[in-house]
Number of protein chains: 2
Amino acid sequence: MKEADIITLAHGHGGRAMNDLIKNIFLPAFGHKELAKMGDAALLEIPQASLAVSTDSFVVNPLFFPGGDIGKLAVAGTVNDLAVSGATPLYLTAGFIMEEGCPLTTVAKIARSMAREALEAGIAIVAGDTKVVERGKGDGVFINTTGVGSLGFGPVVGYEKIQPGDSILINGDMGLHGMAVLSRRHGIELESGITSDCASLNGLIRQVLAGCREEVKFMRDPTRGGAAAALTEIAAASGLDILLDERLLPIPAEVKGYCDFLGLDPLYLANEGKVLLVIDPAAREKALRTLRSHPLGTDSCEIGQVKEKSLPKGEGRVLLKTLYGGTREIADDGGLQLPRIC
Amino acid sequence: MKEADIITLAHGHGGRAMNDLIKNIFLPAFGHKELAKMGDAALLEIPQASLAVSTDSFVVNPLFFPGGDIGKLAVAGTVNDLAVSGATPLYLTAGFIMEEGCPLTTVAKIARSMAREALEAGIAIVAGDTKVVERGKGDGVFINTTGVGSLGFGPVVGYEKIQPGDSILINGDMGLHGMAVLSRRHGIELESGITSDCASLNGLIRQVLAGCREEVKFMRDPTRGGAAAALTEIAAASGLDILLDERLLPIPAEVKGYCDFLGLDPLYLANEGKVLLVIDPAAREKALRTLRSHPLGTDSCEIGQVKEKSLPKGEGRVLLKTLYGGTREIADDGGLQLPRIC
């Protein structure tokens, strides 16, 4: 590959090569007027004075996987963090740490993917930064995205609203992102063509909040560490137990089979297009109807309920009622199995 | 070093090890109530509905250098990008990409340094993220910071305000950050103890804007690529020439000597506590008095002026009137000399 076609240290130095990279690849892809000014900060308007801000770095390996790539993931991941907080995502910043030798075509493909996903999610990429590290001091491309959202729309959800009896919903199949990344990493062909669920959920969430404004108590996207990590956090913070019913978990047979084979638990597999909703049980059917009417929620279902804490001492726990009628606890440290999933 | 004392892949997995890292190191250091909630997004108030947003990734090598470290740099760098845009820095996010094997003491030292600088600058660290990459896929610690500021205070500066005759000021000695990092990287002891100028400039800038609200046309912090990169950007964007006077450049003798020795040009050395101000010449003395009355501006001086464009075709250029009376052009691509300076 020619020098002109790869990332070189010169692309990281604040001079002409860096400016060319930004002008040839990033500006055409992202195209926001504040970005094009290449100022020190983007100057923005926001309808309300209450903000949500979220940051996430992405180090997924491989950069491209069935159903997505690091660029799509970097946009959708931060959009979703804002959306589950009850905010409307408005603005996104993008920071790139690129390894010397990375092909420019790879960088351009990632930038276009980010632009597509940002358009899909209705969020503007308004500020950016590029850095280059020497060969062997990075790994292709790392991306940080930071999102700013407005809290004008919808309720502010919170742990304190969660009560025993609340219903836990999810908008479809679990474990798809983790599965897709793992399969590509290990060179395994999936017969059924399972792909990452990576998607921006702000549209889906806006729809369910519009119908069930008061009844949605809490939302979280079960990404790194999977549903297990997200639910153990909810249990710990709310001081309540969560009882999952294994018969209700929407885990595709192929994900189950592959997990059995590798000794993994699908509850710890990352999702990148899923939201867990804690909802007043009276609104369960209405919320499920609303979720199912959206393309990203057609397979929405209930997977469990919030319960009074079963151990008087200690934090709330996540318990799984198994297919065989037993109950086992889901701990929060089973995620060890999957490095660099997002 | 024991397993418990270094970053392991488990710290990146979204489970207990990651939560312990956050609770033991980052939360005690940063301590904002929104951060402590460990939600998906920080929920914030902002006095005005006009925002400035800026993002920057830091990959400086070495992590610790005379006068600062990557943590101080990561806070001051983004604070300064907001401040030179005319914004009051309010909120900061911090994203860490850590290499497996990095000592926890290093991470903790960096976190404390960030906390100190954030306190100094009056900015709150409100959201964060931690990722871990395998040994040899990163380099110690990379940090992204993204800042949100309010545009309620001071004017919005802009290229379009710059006119021939405007004065170019700087708040003190040039080249100190680049020099300090290079000396540490190459194991050179500097006799005079030159240290990085790394500092948050929002206090200094607030002070000069309070006195010269209308007269400050434009500001930029001459970081990566040095004054040369910052001034060539200003010349290109304003369509005007900038004439620097070499006799006026505040470059310490030791920086000059070291640059001569290594074949570097001090105009390309990074600064991390300097601001270039383009100012109406009528306000020059007043601005200099105000700058000099602040601890970070005691050595403020004028270094050149804006001129009509000398080449009718093409962009504005930066010209240097040398000590010997000649004039040479400063190009924007001499920054190639210094990788990973910030």
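A few notes on this one:
- Cross-link pairs exceeding 20 Å between alpha carbons, from the set A:LYS131/B:LYS72; A:LYS109/A:LYS131; A:LYS161/A:LYS309; A:LYS161/A:LYS307; A:LYS33/B:LYS131: A:LYS33/B:LYS131.
- Against chain B, whose longest principal axis comes from its Cα atoms, helix B:202-211 is set at around 40 degrees.
- Among B:PHE64, B:ILE330, B:ALA270 - extreme Cα towards positive end, dipole of chain B, charges at beta-carbon: B:PHE64
- Taking the label point 7 Å along Cα→Cβ, A:PRO295 and its counterparts in the other copies are spaced 5.7 nm apart, in ascending order.
- Rounded to whole Hz, the Karplus (6.51, -1.76, 1.60) HN-Hα couplings of the range A:248-259, x for glycine and proline: 8, 5, x, 10, x, 4, 5, 5, 4, x, 5, 5
- The helix-based estimate of mean residue ellipticity at 222 nm for chain A, built from -39,500 (n - 2.57) per DSSP H run of four or more residues and divided by its residue count, is -8500 deg cm²/dmol to the nearest 500.
- For B:VAL156, the label point sits 7 Å beyond Cα toward Cβ; its separations from the matching points on the remaining copies run 2.7 nm, from shortest to longest.
- For the range B:261-342, the ratio of Cα radius of gyration to the globular rule of thumb 2.2 N^0.38 Å stands at 1.33.
- Taking the Cα centre of the protein assembly as shown as origin and assigning +1 to Lys and Arg Cβ atoms and -1 to Asp and Glu Cβ atoms, the resulting dipole is close to 500 debye.
- Label geometry 7 Å along the beta-carbon vector: B:GLU214 inter-copy distances in nm: 5.4
- Placed amide H near A:ALA124: partners under 5 Å, 5+ positions off or other chain: A:TYR91, A:LEU92
- Cβ-based net charge around A:ALA41, under 12 Å, with every Lys or Arg adding one and every Asp or Glu removing one: -4
- Taking the charge dipole of the protein assembly as shown about its Cα centre, with +1 at Lys and Arg Cβ atoms and -1 at Asp and Glu Cβ atoms, the residue from A:GLY211, B:GLY136, A:LEU311 reaching farthest to the positive side is A:GLY211.
- Computed over protein heavy atoms with a 1.4 Å probe, the accessible surface of the protein assembly as shown works out to 36 Å² per residue.
- Förster-model FRET efficiency, 56 Å R0, B:THR195 and A:TYR324, C-beta, rounded to 0.05: 0.25
- All Cα-Cα distances of the range B:112-181, cut into 5 Å bins from zero to the largest, leave 3, 8, 11, 13, 17, 19, 13, 8, 5, 2, 1 percent in each bin in turn.
- Kirkwood Rh, angstrom, the range B:71-167 [1 / mean 1/r, Cα pairs]: 15.0
- Counting, for every residue in B:87-96, the Cβ atoms of other protein chains within 10 Å of its Cβ and taking the mean gives 4.
- Structural size metrics of the range A:86-234, computed from C-alpha coordinates, are Rg and Dmax of 18.4, 55 Å.
- Candidates A:ASN19, A:LEU248, A:ALA236 compared by Cα position along the dipole of chain A: farthest toward the positive end lies A:ASN19, with charges placed on Cβ.
- The charge dipole of the range A:242-288, taken about its Cα centre with unit charges on the Cβ atoms of Lys, Arg (+1), Asp and Glu (-1) only, comes to about 160 debye.
- Percentage relative contact order, the range A:1-97, counting C-alpha pairs under 8 Å, at least six apart: 15
- Chain B: angle of helix B:70-84 to the longest principal axis, Cα-based, in degrees nearest 10: 50
- For B:123-132, mean number of other protein chain Cβ atoms within 10 Å: 4
- Under Karplus coefficients 6.51, -1.76 and 1.60, residue-wise ³J(HN,Hα) of the range B:270-276 in Hz, glycine/proline x: 5, 10, 10, x, 10, 10, 8
- Buried on complex formation within the range B:298-342 (loss of at least 20 square angstrom of accessible surface versus the isolated chain, 1.4 Å probe, ligands and nucleic acids ignored): B:ASP332, B:ASP333, B:GLY335, B:LEU336, B:PRO339, B:ARG340.
- Taken across both chains, chains A and B shield about 5700 Å² of accessible surface from a 1.4 Å probe.
- Highest to lowest packing among B:75-85, B:323-333, scored as the average C-beta count within 10 Å: B:75-85, B:323-333
- Distance between the range B:191-264 and the range A:255-278 - C-alpha centres, whole angstrom: 53
- Remark: relative contact order (chain A) = 22 percent; criterion is Cα-Cα distance under 8 angstrom and separation of 6 or more residues.
- For the range B:159-330: rounded, prolate or oblate by the Cα gyration tensor [a/c cutoff 1.5]: oblate
- Compactness of the protein assembly as shown was expressed as the Cα radius of gyration divided by 2.2 N^0.38 Å, which yields 0.99.
- Chain A, dipole about Cα centre (Lys/Arg Cβ +1, Asp/Glu Cβ -1), debye to the nearest 20: 400
- Peptide ranges B:267-279, A:31-43, A:309-321 listed from the most packed, as the mean C-beta count within 10 angstrom indicates: B:267-279, A:31-43, A:309-321
- Counting, for every residue in B:16-22, the Cβ atoms of other protein chains within 10 Å of its Cβ and taking the mean gives 4.
- Degrees separating the helix B:176-185 axis from the principal Cα axis of chain B, which is the longest one: 50
- Accessible surface of chain B, 1.4 Å probe: 51 percent of it comes from carbon and sulfur atoms.
- Shape metrics for the range B:3-150, restricted to C-alpha atoms - Rg then Dmax, Å: 14.9, 47
- Reciprocal of mean inverse Cα separation for chain B (Kirkwood radius, Å): 20.9
The values are calculated or read from the model by the stated rules, or taken from the named source; none is laboratory data. As the structure is a computational prediction, the values presented were derived from the model and not from experiment. Reconstructed Cβ throughout: ideal geometry from the backbone, glycine too, with neighbour counts over all protein chains shown. Please note that ligands, DNA and RNA were not included when accessible areas were found on the heavy atoms of the full protein model with its side chains. Shrake-Rupley method; radii C 1.70, N 1.55, O 1.52, S 1.80 Å.
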